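I have a structure here, written as structure tokens, and I will follow up with some questions on it.
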């Protein structure tokens with residue numbers, strides 16, 4: 001990144017001042033949903049984007065934060081990959097995707113689609129902290145955070161910084177190959193003091209748009225069995241819809257392009273279920289959460 005990037009350095013600011021700004025920023029956000037998975041290729045970013053749109057369509061003010069530093073796909077999925085970041089001189093302004101939905105991604109800072117981000121853990125921690133601390137999110141009902149797969153630097157940084165109340169939406173596909181890695185992701189959330197809102201089974205069956213017959217291409221029920229095994233809620237199933245591929249490539253959200261599709265309706269049910277489940281999120285006291293807000297070495 002060049003010195004012209006809107007990310008501003010805060011080296012002259014004390015840790016106490018920076019922590020205060022982070023707390024003030026997060027205090028304006030009522031709920032934080034961290035979308036995670038221990039396995040790549042399960043459609044996690046697509047799920048995060050459609051969940052954010054579903055929540056905003058229910059009248060909630062939503063922010064969507066893409067912390068997939070090495071493979072930011074949210075801007076492409078939502079059709080705003082060419083957007084430029086602006087600053088008011090003190091804060092970074094998030095990109096307005098549509099009414100009641102704003103977004104931030106490292107993808108907005110890349111010069112071209114071939115640029116690669118080659119960073120170690122401390123630099124990732126710093127930029128994620130800055131996205132949370134220096135972006136003018138304003139008052140939100142939900143902040144949805146899309147993490148890369150696995151249990152590494154990015155989800156750990158989010159868990160340490162995001163505060164409370166927060167909960168993880170753990171995305172899997174039905175087959176055992178995915179379940180094995182997602183099981184470890186739930187353990188990660190538990191060890192990181194990030195409550196698990198539940199397991200979402202994505203790509204759960206294909207419903208033919210012509211005849212309505214359902215075919216379980218990757219099996220079925222794996223996500224629900226995992227939720228029972230790990231003693232966490234099961235949030236539901238999102239069926240496969242071939243149109244979601246074209247929607248993602250064109251930047252047209254499935255939720256808006258095909259609102260009556262079974263997948264879109266499933267995302268609305270997911271949004272409603274998460275809203276009704278708010279009391280189940282374990283609220284770790286801020287004083288305790290602050291003790292883990294140090295950058296990894």
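No lab work stands behind these numbers, since they all come straight from the coordinates. This one's a predicted model, so the numbers in the text were calculated from it and none came from an experiment. We place every Cβ from the backbone using ideal geometry, glycine too, and count neighbours over all the protein chains shown.
When you go through (1) assigned to a loop (DSSP other than H, G, I, E, B); (2) surrounded by fewer than 24 Cβ atoms within 10 Å (Cβ to Cβ); (3) touching a strand residue (DSSP E or B) at 6+ places or on another chain (Cβ under 6 Å) one by one for residue 203, which number turns out not to apply?
(2)
With the structure loaded, tell me whether residue 178 is farther than 14 Å from residue 34 by Cβ, assigned to a loop (DSSP other than H, G, I, E, B) and either in contact with a strand residue (DSSP E or B) (Cβ under 7 Å, 6 or more places away or on another chain) or touching a residue at least 40 places away in the same chain (Cβ under 8 Å) (or both) or whether it fails that test.
no
Let me ask something additional. Report, by residue number, each residue of the range 136-173 that is more than 16 Å from the chain's Cα centre (by Cα) and crowded, with 24+ Cβ neighbours inside 10 Å.
Passing the criteria: only 173.
Mind checking which residues of the range 234-259 are over 22 Å from residue 214 (Cα atoms) and surrounded by 18 or more Cβ atoms within 10 Å (Cβ to Cβ)?
Once the filter is applied, which keeps residues that are over 22 Å from residue 214 (Cα atoms) and surrounded by 18 or more Cβ atoms within 10 Å (Cβ to Cβ), the range 234-259 yields 248, 253.
Let me ask something additional. What number of residues in the range 11-50 are surrounded by 24 or more Cβ atoms within 10 Å (Cβ to Cβ) and more than 16 Å from residue 146 (Cβ to Cβ)?
Residues that pass the stated criteria total 0.
In addition: Could you give me the residue pairs with C-beta distances under 9 Å whose first residue belongs to the range 210-236 and is on the phi > 0 side of the Ramachandran plot and touching a residue at least 12 places away in the same chain (Cβ under 8 Å), whose second residue is exposed (fewer than 14 other Cβ atoms within 10 Å of the Cβ) and not in a loop (DSSP other than H, G, I, E, B) wherever it lies, and which are 6+ apart or on separate chains?
219/176
Can I ask one more? Can you name the condition, by its number, that residue 94 falls short on among (1) surrounded by fewer than 16 Cβ atoms within 10 Å (Cβ to Cβ); (2) touching a strand residue (DSSP E or B) at 6+ places or on another chain (Cβ under 7 Å); (3) within 28 Å of residue 202 (Cβ to Cβ)?
(1)
Name the residue, out of 67, 53, that is surrounded by 23 or more Cβ atoms within 10 Å (Cβ to Cβ), within 18 Å of residue 136 (Cβ to Cβ), in contact (Cβ under 8 Å) with a residue 40 or more places away in the chain and within 16 Å of the chain's Cα centre (by Cα).
Just one listed residue meets the conditions, 67.
Exactly one of (1) part of a helix (DSSP H, G or I); (2) out of contact with any strand residue (DSSP E or B) (no Cβ under 6 Å at 6 or more places or on another chain); (3) surrounded by 18 or more Cβ atoms within 10 Å (Cβ to Cβ) is unmet by residue 187. Its number?
Every condition holds for residue 187 apart from (3).
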